[in-house]
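The values are calculated or read from the model by the stated rules, or taken from the named source; none is laboratory data. The structure displayed is predicted, hence computed values, not measured ones. FYI the Cβ positions are ideal-geometry reconstructions off the backbone, even for glycines, and counts take in every protein chain you see.
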Amino acid sequence: MKDIKVIFMGTPDFSVNVLNSLIDNTNVIGVVTQPDKLAGRKQVLTQPAVKKVALENNIKVIQPTKIREEYQSIIDLNPDIIITCAYGQFLPKEILDYPKYGCINVHASLLPKLRGGAPIHKAIIDGYTTTGITIMHMGLKMDNGDIISQKSIEIEKTDNVGTLHDKLSLLGAELLIETLPSIVSGQANRIVQNEEEITFAYNISREDEHLNFNKTKVEVFNQIRGLNPWPVSYAILEDKEIKIYEAIIGEGIYKEKLNGEIVKLYKDGIGIKVSDGEIILKIIKPSGSKKMNVKDYLNGFKEKSNLIGKVFR
């Protein structure tokens, strides 16, 4: 496989394991990634994760702002195959049609389920118990290409988006290297996606981050862990935002209370009424403060009992 000239396209941390596996097993002649961006409170110009890896391995880096207009330098490298993983831009037909072995994508779901840019978040938020990796031929539309191979993984109740992200990143790298020989030999599957089974996982919006206590305790629990450790769910208490990192499902039933109301204080938790019971907040970040255990948060109140009856919205 070392004679196969590969261009890799990817951007975030999720792509790094895939790139490293390609560097170990093929001839990566170029890496295409998004432009450097300002990040953090200090707005420091920051390189994408895969760019750092490429530079460490003396691989040419291309960072088009609009790849549909700035693709010639990619074609000029004359790749045998282009492999993408969480790149972040749609590829033009000129690129899709060029490599002799095609353009292949590593997607973090079992397609046709969860097409889009946030399949790991939405798998947890939407209550999936299983997800996985799909290696697929690329098409002009979002994640609509024919399936080559898939491998599934169980979503455990202890998983959050961070742990599942790491598991799927490793699985994607592994499955890609297993699948590449069949692509090069021309024996790769082309399984057309079943249009009737399509679901979508669009990028997380600010609205998605806002906890909805009118939902069931399982739905709220999944929303919290499906956004932890990024971008993190939040709720508003007395006009101040509180980010919520971790919670557990409680046993209380409070039919006479309002959804979102603080109904019980525990030694290390805050019980909140939801549509069918109780969710107990465990790790939070109050506005202007650091991330903390609820136990430490409660210790900051002279009269903790004054919190009872207050309502999150």
query = If a residue has to be of a type in the set (S, T, N, Q) and not in a loop (DSSP other than H, G, I, E, B) to count, how many in segment 229-269 make the cut?
reply = 1
note = Of the listed residues (G139, G162, G117), the one being under 20 Å from R190 (Cα atoms) and assigned by TED's automatic domain parsing to the domain that holds N17 is G139
ask   = Can we say K255 is within 16 Å of V274 (Cα to Cα) and of a type in the set (K, R)?
value = yes
task = Can you tell me which residue within segment 224-246, out of those that are under 17 Å from K310 (Cα atoms) and of a type in the set (D, E, K, R), is surrounded by the most Cβ atoms within 10 Å (Cβ to Cβ)?
result = K243
query = Of the residues in segment 167-201, how many are surrounded by 15 or more Cβ atoms within 10 Å (Cβ to Cβ) and within 23 Å of Q223 (Cα to Cα)?
reply = 6
inquiry  = Here are the criteria: (1) small (G, A, S); (2) buried (at least 22 other Cβ atoms within 10 Å of the Cβ); (3) over 25 Å from D36 (Cβ atoms); (4) out of contact with any Leu (no Cβ under 7 Å at 6 or more places or on another chain). Tell me which single one G127 does not satisfy.
reply    = (2)
Any hit, segment 133-145, residues being within 14 Å of the chain's Cα centre (by Cα) and crowded, with 17+ Cβ neighbours inside 10 Å = yes
remark   = I249 passes all but one of the listed conditions (1) under 19 Å from V311 (Cβ atoms); (2) free of Cβ contacts under 8 Å to residues at least 60 places away in the same chain; the exception is number (1)
inquiry  = Just to be sure I understand, how many residues within segment 203-246 are in contact with a Pro (Cβ under 7 Å, 6 or more places away or on another chain) and without any contact (Cβ under 8 Å) to a residue 40 or more places away in the chain?
reply    = 1
